[in-house]
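The values are calculated or read from the model by the stated rules, or taken from the named source; none is laboratory data. Not measured: the values here are computed from a predicted model. Positions of Cβ are generated from backbone atoms using ideal geometry, with glycine treated the same way; all protein chains shown enter the neighbour counts.
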Amino acid sequence: MKEKSCILIEFTGKVSESGKIFDTTDEKTAKEAGLYKEQAVFKPVPVIIGNGDVLKGLDIALREMSEGESKNIKLSPEKAFGQRQKELIVVIPVKQFTERKIKPFPGLIVDLNGQYGRVQTVSGGRVRVDLNNDLAGKDVEYSVKIIKEIKTTKEKAEVLTEKYFPMKDKKVETKLEENILKVKFPKELASQIGALLVPFTKTIKEAIPEIKSVEFVESFEGKTVKEKESKSGTHTHTHADGTVHHHEH
């Protein structure tokens, strides 16, 4: 696959040593591995080669694969979730948790100014938190299949929209009018997706250069609700973890 190719893949990732599955696109596998969540969407996901959508080692392996090909890929920590770092284990006064009405206990996942960590110990008024990814320092394996390469503008727009705004029972609708992509959300979702509009628009315009504008509408015949253009190209990209969508910290 070439740089910036848009492909649809299915995969299952597991820890090499233990065989524990930590992520999958398959619903049956998710249920067997204890990863299933009622509102989660399990289906093949789109990946843009070279866009940082997947782990570095996985991205490299996908470049060497073809449409319809399946492969088992083994990744060292350096090409997966990195090595564990001692400096990412921090000690915080328990007072900071009580002020936020949080009762810390070993295993609790906490948000420390945008960094997620797992509480290791609570003792003597201090809380030790590990900010390392749970999979840091571990060899992992992925079984991957490239379902298809997505080539048409219309289909690329559809699958990338589903990636950013996955829904189990409904669908975000798209419509192409010349070089404009119009996106229509279900009413119950419209108020929840504000933070994703800018990164979504940036991804669409980078992945599909022929699309010059993205409009978010109440209906395809009605008025535009919101339009995000990236004329300056200065928007900050926020990675939507579409591929590792059930990974535990």
Taking segment 131-159 and keeping residues touching a helix residue (DSSP H, G or I) at 6+ places or on another chain (Cβ under 7 Å), farther than 30 Å from residue 174 by Cβ and surrounded by 17 or more Cβ atoms within 10 Å (Cβ to Cβ) leaves 131, 132, 138
Which of the strands (runs of 3 or more DSSP E) found entirely inside segment 1-108 contain at least 3 residues meeting this: closer than 29 Å to residue 165 by Cα? 6-15, 21-24, 45-48, 70-75
Which of the residues belonging to segment 24-41 are closer than 27 Å to residue 151 by Cα and touching a strand residue (DSSP E or B) at 6+ places or on another chain (Cβ under 7 Å)? 24, 25, 26
Does residue 204 satisfy being without any contact (Cβ under 8 Å) to a residue 60 or more places away in the chain, in a loop (DSSP other than H, G, I, E, B) and at negative phi? no
Hits in segment 23-45 - residues which are within 21 Å of residue 141 (Cβ to Cβ), among the hydrophobic types (A, V, I, L, M, F, W, C) and either within 14 Å of the chain's Cα centre (by Cα) or not assigned by TED's automatic domain parsing to the domain that holds residue 63 (or both): 42, 45
Conditions (1) under 25 Å from residue 29 (Cα atoms); (2) touching a Leu at 6+ places or on another chain (Cβ under 7 Å): number failed by residue 134: (2)
Answer yes or no as to whether residue 125 is loosely packed, with under 14 Cβ neighbours inside 10 Å and either out of contact with any Ser or Thr (no Cβ under 7 Å at 6 or more places or on another chain) or more than 30 Å from residue 205 (Cα to Cα) (or both). yes
Right, residue 52: in contact with a helix residue (DSSP H, G or I) (Cβ under 8 Å, 6 or more places away or on another chain), of a type outside the set (Lys, Arg), at pLDDT below 95 and closer than 30 Å to residue 200 by Cβ or not? yes
Some residue of segment 168-191 being within 30 Å of residue 135 (Cα to Cα), assigned to a loop (DSSP other than H, G, I, E, B) and either touching a Leu at 6+ places or on another chain (Cβ under 7 Å) or at pLDDT below 90 (or both): yes
